[in-house]
1. Evaluate the relative contact order of the chain (contact order divided by residue number), counting alpha-carbon pairs under 8 angstrom at least 6 apart; express in whole percent.
2. What do you get for chymotrypsin sites (Phe, Trp or Tyr not before Pro) in region 1-91 restricted to DSSP loop and a cutoff of at most 14 other Cβ within 10 Å of the site's Cβ?
3. Please list, in order along region 59-71, the HN-Hα scalar couplings obtained from phi with the Karplus expression 6.51 cos²θ - 1.76 cosθ + 1.60 (θ = phi - 60°), rounded to whole Hz, x for Gly and Pro.
4. Give me the base-10 log of I(q)/I(0) for region 1-69 at each q in 0.14, 0.20, 0.23, 0.25 Å⁻¹, Debye formula, one uniform scatterer per Cα, rounded to two decimals.
5. Along the charge dipole of region 1-124, Cβ charges K/R +1 and D/E -1, which of 46, 26, 4 sits furthest on the positive end?
6. What is the gain in length, in nm to one decimal, between residue 74 and residue 27 on full extension, counting 0.36 nm per residue of separation less the C-alpha to C-alpha distance?
7. For residue 110, what charge total do you get from the other residues with a beta carbon under 14 Å from its beta carbon, if Lys and Arg give +1 and Asp and Glu give -1?
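Quick note: the coordinates plus some simple rules give every number you see, no bench work behind them. Computed from a prediction, not measured in an experiment: that's the story for all the values here. Note that we place each Cβ from the backbone using ideal geometry, even for glycine, and neighbour counts take in every protein chain shown.
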Amino acid sequence: MGMWLSEGALLECDMGLAPTPLNVLPINRVVADFMPIASIVCGVPFLNIVPFGLCKSPANPAVAAIIASSLGAVTQGPCIPMTEAWIPADPTIVVTTGPCIDNAASILMCDWGGVIKPTLSGQMCVLVP
């Protein structure tokens, strides 16, 4: 098992252009390194999951419209995340709103065909001399 995801964790979508931070509201009342811990309900588009810059998935209507207007040339368009809930790696570790998600094997699916995975957990180790 990896580290729990918390506020500021970096996420990467295989259809997106740039990584983006995870936004976690402090509704679980559980923290790690003074940051709120994420659970499976932290997958709300534009609240928890912000756009990944540009999207290259032809299933995304914005990208499909750009491809159609450019006579079939493959191009990228604006990212519009359409996510549901996380698929946790270990569903037995539970906080107030559901199972926790970690950076080892938890994934989030986008309706446009992207797979969102964490690259950094958002937790920082602080060494005190």
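1. The normalised contact order for the chain reaches 34 percent.
2. Loop-located and lightly packed - 34, 46.
3. Running phi through 6.51 cos²θ - 1.76 cosθ + 1.60 with θ = phi - 60° gives 6, 6, x, 5, 5, 4, 5, 5, 5, 5, 6, 9, 6 Hz.
4. So the normalised log intensities work out to -0.51, -0.83, -0.98, -1.08.
5. 46
6. Full extension of this stretch gives 12.8 nm more.
7. Net charge in that neighbourhood comes out at -2.
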